[in-house]
1. Any residue that is closer than 14 Å to residue 26 by Cα, outside any loop (DSSP other than H, G, I, E, B) and out of contact with any helix residue (DSSP H, G or I) (no Cβ under 9 Å at 6 or more places or on another chain) - is there at least one of those in the stretch 54-70?
2. Scan 52, 58 and give me the residue that is touching a strand residue (DSSP E or B) at 6+ places or on another chain (Cβ under 6 Å) and at pLDDT below 95.
3. Those residues that are away from the ligand (no atom under 15 Å from the Cβ) and modelled with pLDDT under 95, I need them from the stretch 106-118; list them, please.
4. For residues that are within 16 Å of the ligand (Cβ to nearest atom) and either outside any loop (DSSP other than H, G, I, E, B) or in contact with a strand residue (DSSP E or B) (Cβ under 9 Å, 6 or more places away or on another chain) (or both), scanning just the stretch 85-105, find the one that is farthest from residue 30 (Cα to Cα).
5. When the stretch 92-101 is examined, which residues are found to be within 12 Å of the chain's Cα centre (by Cα) and over 14 Å from residue 34 (Cβ atoms)?
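The values are calculated or read from the model by the stated rules, or taken from the named source; none is laboratory data. What you are looking at is a predicted structure, and each value in this text was computed from that prediction instead of being measured. Backbone-built Cβ (ideal geometry, glycine too); neighbour counts: all protein chains shown.
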Ligand SMILES: [Cu+2]
C-alpha cells in the first residue's frame, strides 16, 4: 500500500511542476485575430496581456518559414501591451510569434497566423 501511494505521488509531480505556468500572464487580445485574412498589409501588430510582462522577442516568418525583418526591439521595461510596427507585406501567409518572460524567468511562447490577401 505504501508503495502504491509513493507511485501516485511520483506520478503527480509532473502535473504540479506544470501548474505554475497556468498562473502566468495570458494573452488577452491581439490586434490581428488568429487565422485572419487581411485585405491589406497591416501597419502594426499589438499584443495585450492580462498583466504586465516582459517581452523577450518577436519574429515574423512568411509561408516559406523565412524570417521577415522587423524594425522592432522589445522594450526593457515590462508592459501589458506591445505594438510592433510591421513592414509592407506582400500577399501571403505569415506567422508572428513572440516569447514573454515572466518575472520568475519562465518563458511563454505565443503566435498568431494571418494571411494578407492578394
Ligand atoms: Cu513561472
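1. Step one: filter the stretch 54-70 for residues closer than 14 Å to residue 26 by Cα, giving 54-55.
Cutting the leftovers down to outside any loop (DSSP other than H, G, I, E, B) gives us 54-55.
Filter once more, keeping what is out of contact with any helix residue (DSSP H, G or I) (no Cβ under 9 Å at 6 or more places or on another chain): 54-55.
For the stretch 54-70, residues closer than 14 Å to residue 26 by Cα, outside any loop (DSSP other than H, G, I, E, B) and out of contact with any helix residue (DSSP H, G or I) (no Cβ under 9 Å at 6 or more places or on another chain): present.
2. Values: 58 fails: at pLDDT below 95.
Going through 52, 58 in turn, the sole match is 52.
3. 118
4. We begin by selecting, within the stretch 85-105, every residue within 16 Å of the ligand (Cβ to nearest atom); these are 99-105.
Filter again for either outside any loop (DSSP other than H, G, I, E, B) or in contact with a strand residue (DSSP E or B) (Cβ under 9 Å, 6 or more places away or on another chain) (or both), leaving 99-103.
Working: 99: 14, 100: 14, 101: 18, 102: 19, 103: 22 Å.
Ranking the qualifying residues of the stretch 85-105, first place goes to 103.
5. Initially, the stretch 92-101 is screened for residues within 12 Å of the chain's Cα centre (by Cα), giving 95-101.
Hits for the stretch 92-101 are 99, 100, 101.
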